[in-house]
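These notes are about the structure you will find just below.
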Amino acid sequence: SSVTTGIKRPTAQIAALRADGSEVARWGLIDVLPVSWQGPSLDPANPGVANEVLEITHHGFTD
């Protein structure tokens, strides 16, 4: 956590999954904070996959 801002930075887990839901890899991150997020642009005339992008910062990896 940051004394000056009061923002708490938790640990987090990111998992890469196969199409069947089984886990390929997992990363544990320390002091995670979101930096930016981009949401999908939805167009009813052009159906397709909706992609989101989440950029994060962290202070290292857990064991």
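Quick notes on this structure:
- FRET efficiency, 1/(1 + (r/R0)^6) with R0 22 Å, evaluated for Glu55 and Ile7 via beta carbons: 0.85
- Other residues lying with their Cβ under 15 Å from the Cβ of His59 contribute a combined charge of 0, Lys and Arg counting +1, Asp and Glu -1.
Every number in this text was worked out from the coordinates using simple rules, so none of it is lab data. All figures in this text were calculated on a predicted structure; none of them were measured in a lab. FYI the Cβ positions are ideal-geometry reconstructions off the backbone, even for glycines, and counts take in every protein chain you see.
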